[in-house]
Amino acid sequence: QVQLVESGGGLVQPVGSLRLSCAASGSTLSIYAMCWYRQAPGKQRELVAQSTFGGSTNYADSVKGRLTITRDNAKNTVYLQMNSLKPEDAAVYYCKVGLRSGANYWGKGTLVTVSS
């Protein structure tokens, strides 16, 4: 099992920046992929960014060039640096970890509000 603790959400003005963190504990040696999803009110949860153990990353088209996922394998932590934030980026952001076994674990989410 893996436990996830997210932090870093909050209120930011448009074009501002935030950095989200997600720290994993438990069966971390089995982690293959670490991802960020988001869910806005009335919308489906969507993949924002993914980082695999080998270092490859991919992003939703809507965030390319503005959001960056990085991970520190030694700390079992994944980050999401969010720059040039737009009102449409407002959502609850969830961390998801995928294990080599195929199991997935989710964090409880952290709220990002983008408003002037």
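The values are calculated or read from the model by the stated rules, or taken from the named source; none is laboratory data. Because the structure is predicted, anything quoted here is derived from the model rather than measured. Here the Cβ positions follow ideal geometry from the backbone for every residue, glycine too, while neighbour counts run over all protein chains shown. All accessible areas refer to the heavy atoms of the entire protein, side chains included, with ligands and DNA or RNA removed. Shrake-Rupley method; radii C 1.70, N 1.55, O 1.52, S 1.80 Å.
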Exercise for the section: Kindly indicate the residue of the range 44-71 that is over 17 Å from Leu99 (Cα atoms), among the charged types (D, E, K, R) and touching a residue at least 12 places away in the same chain (Cβ under 8 Å) and also least open to solvent (accessible area, probe 1.4 Å) among those meeting that condition. Expected result: Arg66
Problem - Subset tally (residues that are free of Cβ contacts under 8 Å to residues at least 60 places away in the same chain and either β-branched (Val, Ile, Thr) or open to solvent by less than 30 Å² (accessible area, probe 1.4 Å) (or both)) for the range 1-42 - result: 3
Fill in the blank from the handout: The lone condition Ser101 fails out of (1) assigned to a loop (DSSP other than H, G, I, E, B); (2) open to solvent by less than 10 Å² (accessible area, probe 1.4 Å) is (2)
Exercise for the section: Would you mind telling me which numbered condition in (1) touching a Phe, Trp or Tyr at 6+ places or on another chain (Cβ under 8 Å); (2) modelled with pLDDT of 95 or more Asp89 fails? Expected result: (1)
Problem - Residue check, Ser21 in a strand (DSSP E or B), under 13 Å from the mean Cα position of the chain (by Cα) and more than 22 Å from Ser116 (Cα to Cα) - result: yes
Practice task
Could you check, for the range 94-114, whether at least one of its residues is without any contact (Cβ under 8 Å) to a residue 60 or more places away in the chain and polar (S, T, N, Q)?
Solution key: yes
Practice task
Could you tell me which of the residues Leu85, Leu80 is under 14 Å from Gly109 (Cα atoms), open to solvent by less than 30 Å² (accessible area, probe 1.4 Å), among the hydrophobic types (A, V, I, L, M, F, W, C) and in contact (Cβ under 8 Å) with a residue 40 or more places away in the chain?
Solution key: Leu80
Exercise for the section: Return a yes/no flag: does the range 41-48 have any residue that is in contact with a helix residue (DSSP H, G or I) (Cβ under 8 Å, 6 or more places away or on another chain), assigned to a strand (DSSP E or B) and farther than 12 Å from Val2 by Cα. Expected result: yes
Handout entry: Verdict on Ala74 being open to solvent by 70 Å² or more (accessible area, probe 1.4 Å) and over 16 Å from Leu18 (Cα atoms)
Key = yes
